[in-house]
Amino acid sequence: MNFFQAMQINASALSAQTVRMNALSANLANVNTTRTPEGGPYLPKSVIFQSRPDFEGSLQQALFSEQEGVAGVEVSEIISHEDAVKEVYDPAHPDANDQGYVSLPDINVVTQITDIMTASRAYEANVNSLKAAQRMALKGLEIGG
């Protein structure tokens, strides 16, 4: 694996974690949202990652079967949780139904904050890995020059 390949893998992880952080932030921002343009309460979102092999890694694996191909990461989909709605009794709320219940998103704030911290740590780890690959590439150039 060359340094540029390592940097591309880290860049894919940074991009994926940014999408995850945006989805988690939207979930927290809409924890009490009862109306959306689609109608009904806000539906919490989750980001699904999948491995993304790069062309060079796949080619190396095909040519030299003893080497493993390397892979980055990409967002495969962002799903809305249709069943994540809770009914809360609040007859004074303008969106309450005839029985006095309001449909709210079923978002656990503690879980969302924990996931944000995890995404932040993963982002930070990938930044450090990217910096290490850059330092190694620069040291290689210093030796060769």
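Every read-out reported here was derived from the displayed coordinates using simple, explicitly stated rules and does not represent laboratory data. Quick caveat: nothing in here was measured; it's all calculated off a predicted structure. Here Cβ is always computed from backbone atoms with ideal geometry, including for glycine, and neighbour counts include all displayed protein chains.
Modelling each spin label as a point 7 Å along the Cα-to-Cβ direction, I'd like the Thr118/Asp95 distance in nm, to one decimal.
Inter-label distance under the simple model: 2.7 nm.
Per residue, how big is the convex hull around the C-alpha atoms of the chain? Give it to me in cubic angstrom, could you?
139 Å³
Which whole-number percent gives the relative contact order of the chain, counting Cα pairs below 8 Å spaced six or more residues apart?
Rounded, it is 32 percent for the chain.
Add -39500 (n - 2.57) for each DSSP H run of 4 or more in the chain, then divide by its residues: what number comes out at 222 nm, to the nearest 500 deg cm²/dmol?
One gets -17500 deg cm²/dmol as the mean residue ellipticity at 222 nm.
Dipole of the chain, Cα-centred, from +1 at each Lys and Arg C-beta and -1 at each Asp and Glu C-beta, to the nearest 20 debye?
Here the size comes out at about 680 debye.
Taking 7 Å along the Cα-to-C-beta vector as the label spot, tell me the Ala26-Leu14 distance in nanometres, rounded to one decimal.
Distance between the two pseudo-spin positions: 2.3 nm.
Which net charge results for the neighbourhood of Asp95, defined as the other residues with beta-carbon distances under 15 angstrom from its beta-carbon, given Lys and Arg at +1 and Asp and Glu at -1?
That sum, taken over residues with Cβ under 15 Å, equals -2.
Asp106 to Ile48: extension gain in nm, 0.36 nm per residue of separation minus the Cα-Cα distance?
My answer for the length gained is 18.9 nm.
So which lysines can Lys131 reach, going by Cα to Cα under 25 Å and dropping same-chain residues fewer than 8 places off?
Lys139
Tell me the net charge near Val75. Cut-off is 13 Å between Cβ atoms, Val75 excluded, with +1 for each Lys or Arg and -1 for each Asp or Glu.
In short, +1.
What is region 1-50 by shape, rounded, prolate or oblate, if you read a ≥ b ≥ c off the alpha carbon gyration tensor as root eigenvalues and call it rounded for a/c under 1.5, prolate for a/b larger than b/c, and oblate otherwise?
In terms of gyration-tensor shape, prolate.
Could you tell me the calculated FRET efficiency between Glu82 and Met7, based on Cβ-Cβ distance and R0 = 41 angstrom, to the nearest 0.05?
0.60
Between Gln134, Asn27, Ala6, whose Cα lies farthest towards the positive end of the dipole of region 3-144 when Lys and Arg beta carbons carry +1 and Asp and Glu beta carbons carry -1, centred on the Cα centre?
Value: Gln134.
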